[in-house]
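Where a number appears in this text, it was derived from the coordinates with a stated rule and is not lab data. Predicted model only: the values in this text are computed from it and were never measured. Heads up, the Cβs are rebuilt from the backbone with ideal geometry, glycines too, and the neighbour counts pull from every protein chain shown.
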Amino acid sequence: MVVAMPNHREHADAYQTALAQYDRAVRYTSLKDDLIDYMRYPRRELTVNFPVRRDDGTIEMFTGYRVHHNTAMGPSKGGIRYSLGVTLDEIRALSMWMSWKCALVNLPYGGAKGGVVVDPRNLSLGELERLTRRYASELIPLMSPQMDIPAPDMGTNAQVMAWIMDTYSMTVGYSVPAIVTGKPLSVGGSEGRTEATGRGVIMCMISTLKHHGYHDATATRIAIQGFGNVGSHAADYAHALGYKIVAVSDVYGGIHNPNGLDIPAVLRHVKETGKVHDFPDAENITNDELLVLDCDVLIPAALEGQITRENADDIKAQFVIEGANGPTTPDGDDILNDRGVVIVPDILANSGGVIVSYFEWVQDLQAFFWDKDDIFARLGRIINNAYQQTQQTAEDLHIDMRTAAQVTAINRVANAITTRGFYP
Ligand code: NAD
């Protein structure tokens, strides 16, 4: 039996990071102290311990969470993560960031996040399905298309979402595609959802490069940590637009070619071998080496807590575009800001995923589906507007992009709370 031993220090840090960012941002608002205190708290937290039958017939216990941070602007929205590193504190942090992200891009949603302490690579397909269905059934008191709508995150994918949709539908007795987003197209998924987060990251990168006078795609060197949903689609889109991807990595390590990687060939290599390492036309490097490579743009697209006090001074990229949630700690932020490195924060840079998830939910509720061109055009309008607004706020208040994005988002959530009033 694999015993999950989550690293509490690392993930307690994610929540400390979220709260430290919040405390920094509220200084630039005129909100009253009681309202500031209100928004520090998650609204609801559910912990579930549940059994799963392994293929050998034994029963193993697993722990999962779902946290709704704030629901003033609408039903809560946020992914489900399967990882051995999942803790309640990590899920709290991620749910808070979802509240700010949805508000920043003006979606009618609050923030949520869920997770199960499990390494999905240690489960067979049947075990993964049983774990997912049992976790989904445990969430039903807190989940509905009007209340809380999950989506994929690290370690989960469209198939996992299809099992959640089916479990919920079997329980209520009819099909409810709008219960979850990031589903396969065959059960009410949206065109473009799989690529949406990575594409949005690159859209933000392009706006940033333009703003700072970088116009030559072929001369722009990009390093990407994480080659899953976000990292691989960001790499693929940027490569198709002519940018030079000099390094990518996954949990096993990275690869580097200063002349640029052939990303479609790397994707084929990963499909065949399960990892990026040992790609013929590149040298193997570690994840630590990737973060400090000589490049123009660094895209952390794996997990939180990667750019810290320990390595921020060594980062050579001029631009950090956060594909992952929470990849930079507050100390890392301070060092990069002092050095003049531009950071496009997670709640803006990776918002493409939740934006197209919103489109999927709207399409499911209307039972009327849009084509990919329509999806990407709408995605571009929303994310580019949010980018311009964040850039403007940063300039007006003389603050960094992360604080600017959070100020805008926090003010919107605060406005919804006070407009609704305090029940009873
Ligand atoms: P994924 O599971 O598809 O991919 C994760 C990638 O990171 C994999 O390549 C994995 O090997 C790698 N990885 C895992 N642990 C690592 C480690 N310790 N060091 C280096 N690499 C490691 O997950 P994803 O959906 O691409 O999510 C990645 C990040 O983006 C997460 O922070 C997630 O919260 C965030 N995010 C995802 C979405 C989405 O739509 N999927 C949307 C917004 C934000």
Checklist entry - Expressed in nm², what is the orientationally averaged projection area of the convex hull enclosing the Cα positions of the stretch 76-170? => result 5.9
Checklist entry - For the stretch 171-228, rounded, prolate or oblate, judged on the Cα gyration tensor with a ≥ b ≥ c (square roots of eigenvalues), a/c < 1.5 rounded, else prolate if a/b > b/c? => result prolate
Checklist entry - Computed on alpha carbon atoms, what radius of gyration and Dmax characterise the stretch 196-349, expressed in Å? => result 13.9, 43
Checklist outcome for this item: Listing 361, 163 by rising number of other beta-carbon atoms within 10 angstrom, fewest first, gives 163, 361
Next on the checklist: Quick check on the exposure proxy: order 295, 102 from fewest to most C-beta atoms within 10 angstrom.
Outcome noted: 295, 102
Item to check | Extension gain from residue 395 to residue 314, taking 0.36 nm per residue of separation minus the Cα-Cα distance | outcome: 26.5 nm
Checklist outcome for this item: Kirkwood Rh for the stretch 301-382 from C-alpha pairs, in Å, is 14.5
Item to check | Virtual spin-label span in nm between residue 23 and residue 186, 7 Å along Cα→Cβ | outcome: 5.1
Item to check | Pairwise FRET efficiency - residue 169 versus residue 369, Cβ, R0 = 22 Å, nearest 0.05 | outcome: 0.75
Next on the checklist: Taking 26 Å as the cut-off for C-alpha to C-alpha distance, list the pairs among 210/244; 32/101; 210/271; 244/316; 210/316; 101/210 that go past it.
Outcome noted: 210/271
Next on the checklist: Averaged across orientations, what area in nm² does the convex hull of the alpha carbons in the stretch 2-176 project?
Outcome noted: 10.6
Checklist outcome for this item: Under the Karplus relation with 6.51, -1.76 and 1.60 and θ = phi - 60°, whole-Hz ³J(HN,Hα) for the stretch 381-390, x at Gly and Pro, equal 4, 5, 6, 5, 4, 5, 4, 4, 5, 5
Checklist entry - With the radius of gyration and the Kirkwood radius both derived from the Cα set of the stretch 110-261, what is their ratio Rg to Rh? => result 1.06
Next on the checklist: Give the aspartates and glutamates reachable from residue 275 as a straight Cα distance under 12 Å; neighbours fewer than 8 places away on the same chain don't count.
Outcome noted: 250
Next on the checklist: Suppose we keep just the DSSP beta bridges with both residues in the chain; what percent of those would be antiparallel, to 5?
Outcome noted: 50
Checklist entry - Along the charge dipole of the chain, Cβ charges K/R +1 and D/E -1, which of 263, 188, 279 sits furthest on the positive end? => result 188
Checklist entry - What order do you get for 244, 113 when you list them from fewest to most C-beta neighbours inside 10 Å? => result 244, 113
Item to check | Cα-based equivalent ellipsoid of the chain: semi-axis lengths in Å, sorted from largest, via gyration tensor | outcome: 30, 27, 21
Next on the checklist: Over the stretch 211-286, what portion of Cα pair distances is larger than 14 Å, expressed as a whole percent?
Outcome noted: 55
Item to check | Percentage relative contact order, the stretch 195-302, counting C-alpha pairs under 8 Å, at least six apart | outcome: 31
Checklist outcome for this item: For the stretch 2-176, percent of DSSP beta bridges that are antiparallel (nearest 5) comes out at 60
Item to check | Additional length obtainable on full extension of the chain from residue 37 to residue 159, 0.36 nm per residue less Cα span | outcome: 40.0 nm
Checklist entry - Separation between the residue 144 and residue 44 pseudo-spin-labels, each 7 Å from Cα along Cα→Cβ, expressed in nm? => result 1.0
Item to check | Rounded to 5, percent antiparallel among DSSP beta bridges of the stretch 196-349 | outcome: 30
Checklist entry - Over the stretch 3-140, what relative contact order in percent results from Cα pairs under 8 Å that are six or more residues apart? => result 28
Next on the checklist: Suppose every Lys and Arg Cβ carries +1 and every Asp and Glu Cβ carries -1, with no other charges. What dipole size does the chain come out with about its Cα centre, to the nearest 20 debye?
Outcome noted: 1280
